[in-house]
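Beneath this line is the structure, given in structure tokens, with notes to follow.
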Amino acid sequence: MIDLLPKQTLAFDVLTEPEYAHVSELLYGGGAGCGKSVLGCIWLSAGAMKYPGTRWVMGRNTLKTLKKTTLNTFFEVAKMGGIVYEYVENKGICFPCGSEILLADLAYYPSDPEFSELGSLEITGAFVDECDQITEKAWNILQSRIRYKLDENNLTPKILGTCNPSRNWVFRRFYEPHTEGKLPKDRMFIQSLVDDNPKISKHYITNLEKLDELSRERLRKGNWDFLDITDKWAYSFRRQKHVGKTELNKSETVYLSFDFNRNPITCFVSQHYNNHFYGIEQIEINDCTIYRLCDVIKEKYPGCFFMVTGDVSGKSATTVSQLNNFDVIKISLGLSRNQMQYSGANPPLAESRQLVNAMLERYPITIDGEKCTTLIRDFEIVKSDSEGKPIKANRNDPAQRADCLDTFRYTLHRWFSNFLKVFAS
């Protein structure tokens with residue numbers, strides 16, 4: 001038996017008790033460490049075991065992230081609660097009573113703008129962890145599929161979303177009308193903060209207090225209006241603190257991060273060792289192929305050991321030989337497959353803002369003032385929209401290009417993503 005916190009208990013009642021049958025959408029959260037994922041896992045498990053043969057969904061923006069985070073929370077919940085189940089890879093969680101919890105990738109893919117895979121589902125209920133990272137359309141379509149075995153079990157459709165404060169569709173759909181007293185009767189918002197969780201480690205709270213200002217407002221205090229504090233995307237950047245002179249250390253790894261626009265194509269060169277991050281150079285060339293850029297890198301950095309990341313668009317084939325940009329980099333620089341560290345998808349822009357600014361505030365970083373001038377410009381002039389994404393719609397405006405800023409955030413997400421791991425729950 002798992003004891004729920006008071007706010008979790010209220011949310012669980014909303015999801016299960018007849019007096020809340022009118023509520024079909026529940027948003028729970030508002031801060032880090034308030035037991036959001038635990039609540040969702042307990043609700044799904046309880047429903048699956050109580051109603052044999054039912055089908056539930058546990059979803060997140062990507063299946064890879066879901067397996068690394070929310071699914072592991074389920075395993076912990078199951079162990080604490082003595083829950084009997086079988087986990088089937090690439091399918092989900094199966095219970096002896098015939099019920100199942102399916103794992104859903106809810107990311108938007110241009111090849112499937114209508115989320116057709118979701119459209120074929122029939123489910124009993126759904127839990128979306130970090131729901132602010134998916135699109136409102138994905139939420140609506142998933143909600144529309146909740147109908148499986150409802151009548152025979154006297155259930156009403158329920159979808160639970162959990163998240164930290166953000167300024168996107170979740171803000172407009174739940175938080176804003178909640179504060180104005182205009183939330184429709186079929187929707188409900190329950191604010192919960194780390195202070196509502198007496199079981200949380202004091203060290204966790206200490207770490208939250210060490211975050212940059214906006215992240216503290218958002219994760220520690222649950223401030224949904226945090227983005228009104230500033231519209232500067234890299235708000236923790238300080239020229240006096242972060243700009244200096246760097247020198248290449250050939251005995252240490254050289255990290256290359258690419259952005260594949262034509263004007264310019266660019267590569268951010270960095271190193272990190274002895275608990276310090278060094279921005280060595282931002283290479284930018286207009287009207288340039290990836291072949292030429294690689295030649296420049298070989299000339300500038302002979303004999304160095306490279307690790308490579310960059311814009312996921314580099315995986316798209318660009319020549320008749322079907323080589324993509326990363327293939328060309330690998331061949332041109334003579335790299336092994338293990339030295340190619342690009343991701344399957346670009347990091348979410350709003351999530352990047354938190355990581356970049358936390359690193360700028362809390363990690364020793366020196367950016368070369370002479371060789372990284374455009375990156376420094378991006379830090380100082382790129383603006384954020386209301387959702388925390390850099391504004392870069394007009395490439396004729398230098399403040400909206402952000403190519404160098406992109407290479408910086410690709411670097412951090414590839415090699416420093418664990419910097420914020422403690423705040424994932």
Peptides ranked, highest mean first, by Cβ atoms within 10 Å: ranges 2-8, 324-330: 324-330, 2-8
DSSP bridge pairs, segment 232-314: antiparallel proportion in percent, nearest 5: 75
Burial ranking of peptide ranges 199-207, 185-193 (average Cβ count within 10 Å, highest at the top): 185-193, 199-207
Along each principal axis, Cα extent of the chain, largest first, Å: 71, 47, 40
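Per residue, how large is the accessible surface of the chain? Use a 1.4 angstrom probe and give square angstrom.
Details: 18980 Å² over 425 residues.
Per-residue value: 45 Å².
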Of T179, T65, T73, the one that fluctuates the most in a GNM where the chain has Cα springs shorter than 10 Å: T179
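Taking every DSSP beta bridge that has both residues in the chain, what percent is antiparallel when rounded to the nearest 5? Please list the in-between numbers first.
Values: 23 of 59 bridges.
Around 40 percent antiparallel, to the nearest 5.
How far, in nm, would the chain grow between I285 and A393 when pulled straight, counting 0.36 nm per residue and subtracting the alpha carbon separation? Each step should come with its number before you reach the end.
Numbers: separation 108, 0.36 × 108 = 38.88 nm, distance 2.09 nm.
Taking I285 through A393 to full extension adds about 36.8 nm, to one decimal.
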Candidates per trypsin sites (Lys or Arg not before Pro) in segment 231-282, loop by DSSP, up to 13 other Cβ within 10 Å: R238, K245, K250, R262
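Ignoring everything except DSSP H segments at least 4 long, calculate the 222 nm mean residue ellipticity for the chain; use -39,500 (n - 2.57) per segment, divide by total residues, nearest 500. Display every interim value, and only then the final one.
Details: 14 runs with 128 residues, N = 425.
Only helices count here, giving -8500 deg cm²/dmol.
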Exposed-site-free run, longest, the chain (rule: GluC sites (Glu not before Pro); DSSP loop; at most 13 other C-beta within 10 Å): 248-369
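In nm, what is the difference between 0.36 nm times the number of residues separating H276 and E136 and their Cα-Cα distance?
On the way: separation 140, 0.36 × 140 = 50.40 nm, distance 3.96 nm.
Gain on stretching H276 to E136: 46.4 nm.
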Modelled label reach - E76, point 7 Å along Cα→Cβ, segment 35-58 residues with backbone N closer than 16 Å: 35-43
Gain in span if fully extended, S343 to S144, counting 0.36 nm per residue against the direct Cα distance: 68.5 nm
Eligible aspartates and glutamates near K137 by straight Cα distance, threshold 16 Å, same-chain separation 8 or greater: E25, D105, D112, E114, E117, D129
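Among the DSSP beta bridges whose two residues both lie in segment 59-183, what percent are antiparallel, rounded to the nearest 5? Spell out each step's value before the answer.
Working: 6 of 14 bridges.
Antiparallel bridges: around 45 percent, rounded to the nearest 5.
Compute the FRET efficiency between K371 and I331 as 1/(1 + (r/R0)^6), taking r as their Cβ-Cβ distance and R0 = 30 Å, and round to the nearest 0.05.
The computed FRET efficiency comes out at 0.70.
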Whole-Å distance, taken between Cα centres, linking segment 193-228 and segment 338-388: 22
Residue among S270, S116, S236 with the largest mean-square fluctuation in a Gaussian network model of the chain, springs linking Cα atoms under 10 Å: S116
Proximal lysines to K298, defined as alpha-carbon separation beneath 19 angstrom and excluding residues fewer than eight positions away on the same chain: K250, K330, K371
Cα long-axis angle, helix 6-16 against the chain (0 to 90 degrees, to the nearest 10): 60
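Among the listed pairs K245/K300; K182/K383; K210/K241, which are separated by more than 29 Å between their Cα atoms?
On the way: K245/K300 17 Å; K182/K383 31 Å; K210/K241 17 Å.
The answer is K182/K383.
The values are calculated or read from the model by the stated rules, or taken from the named source; none is laboratory data. These figures come from a predicted structure and were not determined experimentally. Neighbour counts are summed over all protein chains in view; Cβ atoms, including those assigned to glycine, are modelled from backbone coordinates with ideal geometry. Note: accessible area is taken over every heavy atom of the protein model, side chains too, but ligands, DNA and RNA are not part of it. Shrake-Rupley method; radii C 1.70, N 1.55, O 1.52, S 1.80 Å.
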